[in-house]
Amino acid sequence: MKNNSHQMSRFLNRRQVLALFRAGAAAMVAISIPRKSISMQSRSSQPAEGLSMANSATSPKCIVKPQQTEGPYFVDEKLNRSDIRSDPSDGSVKPGVPLQLTIRVSDVSGTSCVPLAGAMVDIWQCDAQGIYSDVVDPSYNTTGKKFLRGYQVTNANGTVQFATIYPGWYPSRTVHIHFKIRTPATSAQSHEFTSQLYFDDALTDRILKQAPYAGKGERTDKNAKDEIFVEGGEQLLLALTKTGQGYAATFDIGLQTSQN
């Protein structure tokens, strides 16, 4: 179900929408928010009744990640796929520098990280021209398109993998990828964690000089000037390794799904 922010984007420009979301979001350590199995619209309006934060002196490294705003362009497409580059409506593939993204999800238990199996991990991002699929924006309408969106379910090792592209840029934001983790219900309760992934500015500058990114022109915002990045984005930077024509990255994140 598309949330109210999707509708709001019809009337506000992108910077205004982001400002509204930022005003309602608090930077948090990566502990999950318990939720009931209700609609996305109702769930997103619930107050953040977060679990207590583990003591930083004894917390495992996998928990030290901030939660960040969902942003205006999350659409719960329920597209179960690893390669998110194509558009299911016509089979077209978004061009760009290939990126193999691995996300390893752990359940924090005491001071250790236990692989969390069965969690749904969504990612969504813009294309090389800064455009999201299936949204109405003041500068474009991609309703019905579903490129660069998808989810995977973590395996026994707590791992999911995605084939995507290096994202482009758009005004008011640095280059980023959104992700959301939802755990299966346990005792009528499940958990949700939402944040964003970022890139080294120097690498991004080199990527954006290549086709098909270069046609967009010089970007207006880098990490240090991004109002969302500055709230913990340093902990969400991807460490990329070169792989042929593209890059690969593995990101570790821990959720505290129970009091311990």
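The values are calculated or read from the model by the stated rules, or taken from the named source; none is laboratory data. No experiment lies behind these values; they were computed from the predicted model shown. Every residue, glycine as well, gets a Cβ built from its backbone with ideal geometry; the counts of neighbours run over all protein chains shown.
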Worksheet item: Scanning region 237-250 for residues that are touching a residue at least 24 places away in the same chain (Cβ under 8 Å) and either among the acidic types (D, E) or under 12 Å from D200 (Cβ atoms) (or both), which turns out surrounded by the most Cβ atoms within 10 Å (Cβ to Cβ)?
Response: Y247
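Yes or no: region 77-86 includes at least one residue that is part of a strand (DSSP E or B) and in contact with a Gly (Cβ under 9 Å, 6 or more places away or on another chain).
Residues of region 77-86 part of a strand (DSSP E or B): 80, 83, 86.
When the remaining residues are screened for being in contact with a Gly (Cβ under 9 Å, 6 or more places away or on another chain), the result is 80, 83.
Yes; the residues of region 77-86 include at least one that is part of a strand (DSSP E or B) and in contact with a Gly (Cβ under 9 Å, 6 or more places away or on another chain).
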Fill in: Of residues in region 60-102 being hydrophobic (A, V, I, L, M, F, W, C) and in contact with a His (Cβ under 8 Å, 6 or more places away or on another chain), the one surrounded by the most Cβ atoms within 10 Å (Cβ to Cβ)
F74
Worksheet item: If you take the residues in region 108-132 that are assigned to a loop (DSSP other than H, G, I, E, B) and more than 20 Å from the chain's Cα centre (by Cα), which one is surrounded by the most Cβ atoms within 10 Å (Cβ to Cβ)?
Response: T111
Discussion item. Under 8 Å between Cβ atoms, which residue pairs at least 6 apart in sequence (or on different chains) link something in region 188-203 that is touching a residue at least 40 places away in the same chain (Cβ under 8 Å) with a partner that is of a type in the set (D, E, K, R) and outside any strand (DSSP E or B)?
Written reply: A188/K36; Q189/K36; S190/K36; E192/R43; T194/E70; S195/K65
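Counting only residues that are in a loop (DSSP other than H, G, I, E, B) and at pLDDT below 95, how many does region 233-254 have?
2
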Worksheet item: Could you count how many residues in region 181-231 are on the phi > 0 side of the Ramachandran plot and either crowded, with 18+ Cβ neighbours inside 10 Å or among the β-branched types (V, I, T) (or both)?
Response: 0
Response to the item:
T257: passes all of (1) modelled with pLDDT of 95 or more; (2) surrounded by 15 or more Cβ atoms within 10 Å (Cβ to Cβ); (3) of a type in the set (V, I, T) but (1)
Discussion item. Just to be sure before I move on: is I165 touching a Phe, Trp or Tyr at 6+ places or on another chain (Cβ under 6 Å), surrounded by 22 or more Cβ atoms within 10 Å (Cβ to Cβ) and in contact (Cβ under 8 Å) with a residue 60 or more places away in the chain in the structure I sent?
Written reply: no
Response to the item:
When every residue in region 134-147 that is in contact (Cβ under 8 Å) with a residue 40 or more places away in the chain and surrounded by fewer than 24 Cβ atoms within 10 Å (Cβ to Cβ) is compared, the one farthest from F74 (Cα to Cα) is P138
